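Accompanying notes for the structure given below.
The values are calculated or read from the model by the stated rules, or taken from the named source; none is laboratory data. Since this is a predicted model, take the numbers as computed values, not measurements. Positions of Cβ are backbone-derived with ideal geometry, glycine not excepted, and every protein chain shown enters the neighbour counts. Side chains are part of the model used for accessible areas, which takes the heavy atoms of the whole protein and leaves out ligands, DNA and RNA. Shrake-Rupley method; radii C 1.70, N 1.55, O 1.52, S 1.80 Å.
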Amino acid sequence: MGEVVKDGREDVIQAWYMDDSEEDQRLPHHKDPKEFLSLDKLAELGVLSWRLDADNYETDEELKKIRESRGYSYMDFCEVCPEKLPNYEEKVKSFFEEHLHTDEEIRYCVAGSGYFDVRDRNEAWIRVWVKKGGMIVLPAGIYHRFTVDSDNYIKAMRLFVGEPVWTPYNRPHDHLPARKEYLDNFVKVNEGGGAIDASA
(Lines give C-alpha, C1' and ligand atoms only; values in the text may rest on other atoms or scores of the structure.)
Protein backbone atom coordinates (compact mmCIF):
# COMPACT_ATOMS: atom_id res chain seq x y z
CA MET A 1 0.00 0.00 0.00
CA GLY A 2 1.15 3.52 -0.74
CA GLU A 3 3.81 2.30 -3.17
CA VAL A 4 5.05 5.04 -5.48
CA VAL A 5 4.91 4.08 -9.15
CA LYS A 6 8.11 5.23 -10.85
CA ASP A 7 7.80 7.17 -14.09
CA GLY A 8 9.92 5.14 -16.54
CA ARG A 9 10.59 8.27 -18.58
CA GLU A 10 12.73 9.60 -15.74
CA ASP A 11 15.40 7.00 -16.55
CA VAL A 12 16.06 8.85 -19.82
CA ILE A 13 14.72 12.38 -19.17
CA GLN A 14 15.27 14.46 -16.04
CA ALA A 15 14.43 18.10 -15.36
CA TRP A 16 15.69 20.54 -12.75
CA TYR A 17 15.88 24.25 -12.02
CA MET A 18 19.23 25.74 -13.01
CA ASP A 19 21.60 27.83 -10.95
CA ASP A 20 22.75 31.27 -12.13
CA SER A 21 26.39 30.28 -12.60
CA GLU A 22 28.31 31.47 -15.66
CA GLU A 23 30.38 28.26 -15.66
CA ASP A 24 30.66 26.01 -18.73
CA GLN A 25 27.20 25.52 -20.29
CA ARG A 26 27.92 21.78 -20.55
CA LEU A 27 27.90 21.30 -16.77
CA PRO A 28 24.65 20.22 -15.03
CA HIS A 29 24.08 23.61 -13.33
CA HIS A 30 22.07 22.23 -10.40
CA LYS A 31 20.90 24.59 -7.68
CA ASP A 32 22.08 23.91 -4.12
CA PRO A 33 20.10 22.08 -2.86
CA LYS A 34 19.05 20.38 -6.10
CA GLU A 35 15.53 21.21 -7.26
CA PHE A 36 14.10 18.58 -9.59
CA LEU A 37 10.89 18.93 -11.58
CA SER A 38 8.51 16.14 -12.58
CA LEU A 39 7.87 15.49 -16.25
CA ASP A 40 4.18 16.15 -15.57
CA LYS A 41 5.10 19.68 -14.40
CA LEU A 42 7.12 20.05 -17.60
CA ALA A 43 4.03 19.03 -19.60
CA GLU A 44 2.16 21.97 -18.01
CA LEU A 45 4.61 24.18 -19.95
CA GLY A 46 3.77 22.28 -23.14
CA VAL A 47 6.92 20.10 -23.12
CA LEU A 48 5.92 16.52 -23.94
CA SER A 49 8.09 13.47 -23.35
CA TRP A 50 8.31 9.75 -24.06
CA ARG A 51 10.65 6.87 -23.30
CA LEU A 52 11.23 4.79 -26.42
CA ASP A 53 13.41 1.87 -27.54
CA ALA A 54 16.37 3.65 -29.15
CA ASP A 55 18.03 0.37 -30.15
CA ASN A 56 15.08 -0.49 -32.38
CA TYR A 57 13.84 2.88 -33.61
CA GLU A 58 13.45 1.57 -37.19
CA THR A 59 10.80 -0.94 -36.13
CA ASP A 60 9.42 0.65 -32.94
CA GLU A 61 5.61 0.51 -33.08
CA GLU A 62 5.25 3.16 -30.35
CA LEU A 63 7.36 5.65 -32.33
CA LYS A 64 5.32 4.83 -35.43
CA LYS A 65 2.07 5.55 -33.54
CA ILE A 66 3.41 8.87 -32.22
CA ARG A 67 4.52 9.93 -35.71
CA GLU A 68 1.16 8.99 -37.23
CA SER A 69 -0.97 10.61 -34.53
CA ARG A 70 1.06 13.86 -34.53
CA GLY A 71 1.65 14.01 -38.30
CA TYR A 72 5.46 13.80 -38.16
CA SER A 73 6.09 12.92 -41.79
CA TYR A 74 9.70 14.19 -42.04
CA MET A 75 12.63 12.51 -40.28
CA ASP A 76 16.39 12.89 -40.28
CA PHE A 77 19.31 12.61 -37.85
CA CYS A 78 21.62 15.20 -36.39
CA GLU A 79 24.90 14.25 -34.73
CA VAL A 80 26.47 16.88 -32.51
CA CYS A 81 30.09 16.10 -31.64
CA PRO A 82 33.52 17.54 -32.48
CA GLU A 83 34.20 14.84 -35.10
CA LYS A 84 30.96 15.28 -37.07
CA LEU A 85 30.08 18.96 -36.83
CA PRO A 86 32.30 21.55 -38.55
CA ASN A 87 33.07 24.60 -36.36
CA TYR A 88 31.89 22.55 -33.39
CA GLU A 89 32.59 25.03 -30.56
CA GLU A 90 31.01 27.90 -32.51
CA LYS A 91 27.94 25.80 -33.36
CA VAL A 92 27.48 24.66 -29.74
CA LYS A 93 27.57 28.30 -28.63
CA SER A 94 25.02 29.29 -31.31
CA PHE A 95 22.61 26.49 -30.23
CA PHE A 96 22.82 27.94 -26.71
CA GLU A 97 21.40 31.33 -27.77
CA GLU A 98 17.90 31.68 -26.36
CA HIS A 99 15.40 31.38 -29.22
CA LEU A 100 12.03 30.10 -30.32
CA HIS A 101 10.64 28.38 -33.40
CA THR A 102 7.30 28.85 -35.13
CA ASP A 103 6.82 25.06 -35.17
CA GLU A 104 7.37 22.30 -32.64
CA GLU A 105 10.91 21.11 -32.02
CA ILE A 106 10.92 17.31 -31.81
CA ARG A 107 14.09 15.51 -30.73
CA TYR A 108 14.53 11.80 -30.06
CA CYS A 109 17.90 10.91 -28.57
CA VAL A 110 19.09 7.63 -30.09
CA ALA A 111 22.65 7.89 -28.67
CA GLY A 112 24.52 10.12 -26.24
CA SER A 113 22.78 12.90 -24.28
CA GLY A 114 22.21 16.64 -24.16
CA TYR A 115 20.47 19.49 -22.36
CA PHE A 116 17.38 21.32 -23.59
CA ASP A 117 16.76 24.39 -21.44
CA VAL A 118 13.29 25.95 -21.30
CA ARG A 119 11.80 28.90 -19.42
CA ASP A 120 9.14 28.34 -16.79
CA ARG A 121 6.19 30.71 -16.28
CA ASN A 122 8.32 33.00 -14.12
CA GLU A 123 11.24 33.10 -16.57
CA ALA A 124 13.43 30.71 -14.53
CA TRP A 125 15.53 28.26 -16.56
CA ILE A 126 14.66 24.57 -16.38
CA ARG A 127 17.32 22.18 -17.64
CA VAL A 128 15.96 19.05 -19.35
CA TRP A 129 18.55 16.28 -19.63
CA VAL A 130 17.65 13.93 -22.48
CA LYS A 131 19.52 10.64 -22.71
CA LYS A 132 19.37 7.68 -25.09
CA GLY A 133 15.73 6.61 -25.46
CA GLY A 134 14.25 9.97 -24.48
CA MET A 135 12.07 11.93 -26.87
CA ILE A 136 10.81 15.45 -26.20
CA VAL A 137 8.57 17.90 -28.01
CA LEU A 138 9.07 21.60 -27.36
CA PRO A 139 5.96 23.54 -28.36
CA ALA A 140 6.09 26.30 -30.97
CA GLY A 141 6.75 29.66 -29.34
CA ILE A 142 8.59 28.47 -26.21
CA TYR A 143 11.91 30.17 -25.52
CA HIS A 144 14.61 27.55 -25.22
CA ARG A 145 18.23 26.67 -25.97
CA PHE A 146 20.32 23.51 -26.42
CA THR A 147 23.75 22.32 -25.43
CA VAL A 148 25.58 19.05 -25.34
CA ASP A 149 26.62 17.91 -21.87
CA SER A 150 30.22 17.26 -20.80
CA ASP A 151 30.32 14.06 -22.92
CA ASN A 152 30.14 16.24 -26.05
CA TYR A 153 28.00 13.77 -27.99
CA ILE A 154 24.36 13.39 -28.99
CA LYS A 155 22.74 11.73 -31.96
CA ALA A 156 19.14 12.83 -32.29
CA MET A 157 16.32 11.99 -34.63
CA ARG A 158 14.61 15.18 -35.79
CA LEU A 159 10.95 14.92 -36.69
CA PHE A 160 8.75 17.50 -38.38
CA VAL A 161 5.27 17.97 -39.81
CA GLY A 162 5.81 18.39 -43.56
CA GLU A 163 8.95 20.08 -44.90
CA PRO A 164 11.28 21.08 -42.05
CA VAL A 165 11.81 24.71 -41.10
CA TRP A 166 14.60 25.04 -38.54
CA THR A 167 14.67 28.86 -38.38
CA PRO A 168 15.59 30.09 -34.87
CA TYR A 169 14.21 33.46 -33.79
CA ASN A 170 16.54 34.74 -31.09
CA ARG A 171 14.92 36.47 -28.15
CA PRO A 172 13.13 38.88 -28.21
CA HIS A 173 10.54 37.80 -30.79
CA ASP A 174 7.40 38.25 -28.72
CA HIS A 175 5.46 39.70 -31.67
CA LEU A 176 5.36 36.38 -33.53
CA PRO A 177 1.95 34.64 -33.58
CA ALA A 178 3.59 31.39 -32.35
CA ARG A 179 4.81 33.22 -29.21
CA LYS A 180 1.41 34.76 -28.55
CA GLU A 181 -0.28 31.36 -28.95
CA TYR A 182 2.24 29.76 -26.59
CA LEU A 183 1.58 32.43 -23.94
CA ASP A 184 -2.19 32.02 -24.31
CA ASN A 185 -2.06 28.21 -24.13
CA PHE A 186 0.56 27.60 -21.45
CA VAL A 187 1.59 30.73 -19.55
CA LYS A 188 -1.47 32.88 -19.01
CA VAL A 189 -3.52 29.88 -17.89
CA ASN A 190 -1.62 29.42 -14.64
CA GLU A 191 -2.89 27.62 -11.56
CA GLY A 192 -4.38 30.79 -10.04
CA GLY A 193 -6.31 31.55 -13.18
CA GLY A 194 -4.74 34.99 -13.54
CA ALA A 195 -2.64 36.12 -16.44
CA ILE A 196 1.12 36.39 -16.11
CA ASP A 197 3.11 39.01 -17.93
CA ALA A 198 5.78 37.01 -19.75
CA SER A 199 6.51 39.51 -22.49
CA ALA A 200 9.88 40.50 -21.01
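Count, please, the residues in the stretch 45-92 that happen to be small (Gly, Ala, Ser), within 22 Å of Gly133 (Cβ to Cβ) and exposed (fewer than 13 other Cβ atoms within 10 Å of the Cβ). Talk me through it step by step, then tell me what you get.
Taking the stretch 45-92 and keeping what is small (Gly, Ala, Ser), we get 46, 49, 54, 69, 71, 73.
Among the residues that remain, those that are also within 22 Å of Gly133 (Cβ to Cβ) are: 46, 49, 54, 69.
Narrowing further to those that are exposed (fewer than 13 other Cβ atoms within 10 Å of the Cβ): 69.
Summing the residues that are small (Gly, Ala, Ser), within 22 Å of Gly133 (Cβ to Cβ) and exposed (fewer than 13 other Cβ atoms within 10 Å of the Cβ) in the stretch 45-92 gives 1.
Please identify the pairs in which a residue from the stretch 30-47 that is more than 17 Å from Val137 (Cβ to Cβ) and free of Cβ contacts under 8 Å to residues at least 40 places away in the same chain has its Cβ atom under 6 Å from the Cβ atom of a residue that is of a type in the set (D, E, K, R) and not in a helix (DSSP H, G or I), counting only partners at least 6 apart or on another chain.
Close Cβ pairs (under 6 Å, with a partner that is of a type in the set (D, E, K, R) and not in a helix (DSSP H, G or I)) amount to Lys31/Asp19.
When residues of the stretch 31-44 are filtered for being closer than 12 Å to Gly134 by Cβ and acidic (Asp, Glu), how many remain?
Residues meeting the conditions: 0.
Give me the helices (runs of 4 or more DSSP H) completely within the stretch 25-111, filtered to those with at least 1 residues that are within 22 Å of Gly162 (Cα to Cα), ordered by residue number. Full working, then the answer.
Numbers: elements: 39-43, 61-70, 88-95.
Filter on the stretch 25-111 gives 61-70.
Restricting to the stretch 64-103, give me the number of residues that are within 14 Å of Met157 (Cα to Cα), free of Cβ contacts under 8 Å to residues at least 60 places away in the same chain and touching a strand residue (DSSP E or B) at 6+ places or on another chain (Cβ under 7 Å). Walk me through it before giving the result.
From the stretch 64-103, those within 14 Å of Met157 (Cα to Cα) are 64, 66-67, 72-80; that's our starting set.
Now narrow it down to the ones that are free of Cβ contacts under 8 Å to residues at least 60 places away in the same chain: 64.
Filter again for touching a strand residue (DSSP E or B) at 6+ places or on another chain (Cβ under 7 Å), leaving none.
Number of matching residues: 0.
Return the total of residues in the stretch 149-169 being under 12 Å from Lys131 (Cα atoms) and surrounded by 16 or more Cβ atoms within 10 Å (Cβ to Cβ).
So in the stretch 149-169, the residues under 12 Å from Lys131 (Cα atoms) come out as 149, 151, 153-156.
Of the ones still in play, those that are also surrounded by 16 or more Cβ atoms within 10 Å (Cβ to Cβ) are 149, 153-156.
So the count comes out to 5.
Give the number of residues within the stretch 146-177 that are under 20 Å from Asp76 (Cα atoms) and either outside any loop (DSSP other than H, G, I, E, B) or small (Gly, Ala, Ser) (or both).
11
Condition first: more than 14 Å from Val137 (Cβ to Cβ), modelled with pLDDT under 95 and surrounded by fewer than 12 Cβ atoms within 10 Å (Cβ to Cβ). Can you find one or more residues in the stretch 7-19 that meet it?
Checked the stretch 7-19: at least one residue is more than 14 Å from Val137 (Cβ to Cβ), modelled with pLDDT under 95 and surrounded by fewer than 12 Cβ atoms within 10 Å (Cβ to Cβ).
With respect to the numbered conditions (1) open to solvent by less than 10 Å² (accessible area, probe 1.4 Å); (2) of a type in the set (Val, Ile, Thr); (3) part of a loop (DSSP other than H, G, I, E, B), which one is the sole condition not fulfilled by Ile136?
(3)
I'd like to know if the stretch 175-183 contains one or more residues that are more than 30 Å from Asp60 (Cα to Cα) and among the small types (Gly, Ala, Ser). Spell out how you get there, then give the answer.
Of all residues in the stretch 175-183, those more than 30 Å from Asp60 (Cα to Cα) come to 175-183.
After this cut, where a residue has to be among the small types (Gly, Ala, Ser) as well, the list is 178.
Among the residues of the stretch 175-183, at least one is more than 30 Å from Asp60 (Cα to Cα) and among the small types (Gly, Ala, Ser), which makes the answer yes.
Conditions tested, residue by residue: (1) of a type in the set (A, V, I, L, M); (2) over 22 Å from Arg9 (Cβ atoms); (3) at pLDDT 95 or above.
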position: Glu104; (1), (2), (3): no, no, yes
position: Gly112; (1), (2), (3): no, no, yes
position: Phe116; (1), (2), (3): no, no, yes
position: Val128; (1), (2), (3): yes, no, yes
position: Gly134; (1), (2), (3): no, no, yes
position: Leu138; (1), (2), (3): yes, no, yes
position: Val148; (1), (2), (3): yes, no, yes
position: Asn152; (1), (2), (3): no, yes, yes
position: Met157; (1), (2), (3): yes, no, yes
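Return the residue satisfying two criteria in turn: it lies in the stretch 108-124 and is under 13 Å from Ile142 (Cβ atoms) and either more than 15 Å from the chain's Cα centre (by Cα) or not acidic (Asp, Glu) (or both), and of such residues it is surrounded by the fewest Cβ atoms within 10 Å (Cβ to Cβ).
Glu123
For Val165, which of the numbered conditions (1) under 24 Å from Glu68 (Cα atoms); (2) at pLDDT 95 or above fails to hold?
(2)
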